[in-house]
């Protein structure tokens, strides 16, 4: 692992609050670091900027590969920065480890937006576990907010787990789809549709327009079958052509309408409060497991017993209890 | 909570090994119990019967409500018991808490099979959390195996999380579908299709036959787009009419073919070994979290700090670290 120089906590905090993008990027790198010595520093930075976070609209965008997420974000992002918003784009790509490295990929994909000074694009590093990526993305989002960005787009690939993580950190969740591609190939599951606040059919241009309109009708009907959401919002179905910049303003108007409606019933805050509580429990689980699995006695005991477990000679629940008890006893002997 | 009398460990173990269904049922009730005093006893019983478990073919069956899972299990189960197999059916229904109580529901649904002495049907109790249900189902499966059942069917509703849990405890995973219902309504996601060893289109009878054949072709084509599985098995697409008992023998032949093929490459054992290892880690996570959240100091500290977390005044990662450290310190002070 590459050794990089670190700054004192205050330098990160001041840099971020003054909107210094170099410092912001270094702070996100710090947050993403898996080096144990970085974690305490990262935590400190996040705690310090927390009071300055929260002043953005957080939008999750998902859809399977090929649906045109990058083109959509490029077009939609352009619209937003031209309206005067400060835009940060964060991406989670759980598949990037297996396929190509996503960092260059994403930057190349969103060429115009990434060269636009009014936008900040930050892809997740490849090779971090999904749970890890999403925890880091949440912190990166807060850092971006503290740095003054007032719209955050979080992009993820529509394959299941990562949507749940992103849904847990955004205000508005948008699913991009294509018309007529067949749902089994689009990989869309009921669960993801249920999580969405809007379903946008992309590539509604040229020969696709008729199919897109038809799909819009069908999905509108299908959405009626879902139970009413707690916040009273009826998920909308829209069409757009990101490449031709058609329909993007309507999408932004819809999101503004959502935000207004939610603010009236205080739901934005309620939702964020619940997200903070869930974050607490996620992090407790993470810390408990990491202190357990980093314990040297546990490690060697696990190694020693694993073959018996895998051979079915020893009970997993028995060993689990033994190890957890040994972990707790080990701590108490210190 | 109802107080029920408990037996000594050996009485459960002997009863199960002799195939006593009353004792088996009481042991599953014990395993499902959330009473702290039952957990140690339950764990002991499971550990004792573990060496006698494993001698069954474990089949997971999923599909959204309305696809005909009960009718399928009733018909398929009848076929299996008539071939001389001893069949146990376990069901996981994460939605049962919200809708109707599943216990009577399931028994009524599989009326013929539940009155057949050669089969044993055991629904999960309503109101247990999903993680809990699936852990208990795994243990119930092992108890059934030790009691001599040599085919276990585990039924779950196709809504996402529970499939992953069931996939983690079975040898063969079967997805029931309907022809022409529209995938968005069937709620089938790519992830579930990827997990499946077979996709069975049910209700292929009367006017549905043409649509079922068409769907079979389409799904067969679609499955070719998925990457080859580690075990070399090509998932099959079949049609059946559970209500008319058509196509069920072919499904059983396919499963037998799967088992033969997997045994030749030792994959049944490899898969079960990996499942045991995952079970260990799941249970470690469960025990760590439960000892944490049951701790009185943690409980009161959580209650005290939660409003500040929810108001965004305190950092979730900071409090998580504080609490986990306090938990570990608290233990060491004892």
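The values are calculated or read from the model by the stated rules, or taken from the named source; none is laboratory data. Bear in mind that the values here come from a model prediction, so they are computed numbers and not experimental data. Positions of Cβ are generated from backbone atoms using ideal geometry, with glycine treated the same way; all protein chains shown enter the neighbour counts.
To keep it simple, each residue is scored yes or no on (1) closer than 22 Å to residue A:36 by Cβ; (2) modelled with pLDDT of 90 or more; (3) touching a helix residue (DSSP H, G or I) at 6+ places or on another chain (Cβ under 6 Å); (4) at the interface with another protein chain (Cβ under 9 Å from one of its Cβ atoms).
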site	(1), (2), (3), (4)
A:237	no, yes, yes, no
A:249	no, yes, no, no
A:273	no, yes, yes, yes
A:280	yes, yes, yes, yes
A:299	yes, yes, no, no
A:302	yes, yes, no, yes
A:327	yes, no, yes, yes
Query raised in the report: Can you name the number of the only condition in (1) outside the structural domain of residue A:200 (by TED's automatic domain parsing); (2) without any contact (Cβ under 8 Å) to a residue 60 or more places away in the chain; (3) within 24 Å of the chain's Cα centre (by Cα) that residue A:299 fails?
Result: (3)
Report task. Only one of these is at pLDDT 85 or above and outside any loop (DSSP other than H, G, I, E, B): B:170, B:166. Name it. Result -> B:166
Query raised in the report: Can you name the number of the only condition in (1) part of a helix (DSSP H, G or I); (2) in contact with a helix residue (DSSP H, G or I) (Cβ under 6 Å, 6 or more places away or on another chain); (3) more than 14 Å from chain A (Cβ to nearest Cβ) that residue B:243 fails?
Result: (1)
Report task. Out of the residues in region A:262-276 that are surrounded by 15 or more Cβ atoms within 10 Å (Cβ to Cβ) and more than 17 Å from the chain's Cα centre (by Cα), state the one that is farthest from residue B:310 (Cα to Cα). Result -> A:262
Query raised in the report: Mind checking whether some residue in region B:132-154 is at pLDDT below 90 and more than 15 Å from residue B:31 (Cα to Cα)?
Result: no
Report summary line: Going through region A:10-39 in order, the residues found to be under 24 Å from residue B:309 (Cα atoms) and surrounded by fewer than 19 Cβ atoms within 10 Å (Cβ to Cβ) are A:10, A:14, A:17, A:38, A:39
Query - Which listed residue is surrounded by fewer than 20 Cβ atoms within 10 Å (Cβ to Cβ), in the same structural domain as residue B:61 (by TED's automatic domain parsing) and in a loop (DSSP other than H, G, I, E, B), from B:256, B:230 - result: B:230
**Report entry** Which numbered condition residue B:129 misses (of (1) modelled with pLDDT under 80; (2) more than 30 Å from residue A:223 (Cα to Cα))
**Finding:** (2)
Query raised in the report: Which one of these is closer than 19 Å to residue A:165 by Cβ and at pLDDT 95 or above: A:18, A:56, A:95?
Result: A:56
Query raised in the report: Does residue A:287 count as in a helix (DSSP H, G or I), facing chain B (nearest Cβ under 10 Å), in contact with a strand residue (DSSP E or B) (Cβ under 8 Å, 6 or more places away or on another chain) and modelled with pLDDT under 95?
Result: no
Query raised in the report: Is region A:236-249 home to any residue that is assigned by TED's automatic domain parsing to the domain that holds residue A:68, without any contact (Cβ under 8 Å) to a residue 24 or more places away in the chain, farther than 16 Å from residue A:67 by Cα and more than 23 Å from the chain's Cα centre (by Cα)?
Result: no
Query - Residue under evaluation residue A:313, criteria (1) part of a loop (DSSP other than H, G, I, E, B); (2) surrounded by 16 or more Cβ atoms within 10 Å (Cβ to Cβ), criterion not met - result: (2)
Report task. Those residues that are within 20 Å of the chain's Cα centre (by Cα) and in contact (Cβ under 8 Å) with a residue 24 or more places away in the chain, I need them from region A:22-44; list them, please. Result -> A:24, A:25, A:27, A:28, A:29, A:30, A:31, A:32, A:34, A:42
Query raised in the report: Which number in (1) within 14 Å of another protein chain (Cβ to nearest Cβ); (2) surrounded by fewer than 16 Cβ atoms within 10 Å (Cβ to Cβ) marks the one condition that residue B:42 misses?
Result: (2)
Report summary line: Within region B:312-325, the residues that are more than 7 Å from chain A (Cβ to nearest Cβ) and either more than 18 Å from residue A:327 (Cβ to Cβ) or touching a residue at least 24 places away in the same chain (Cβ under 8 Å) (or both) are B:313, B:314, B:322
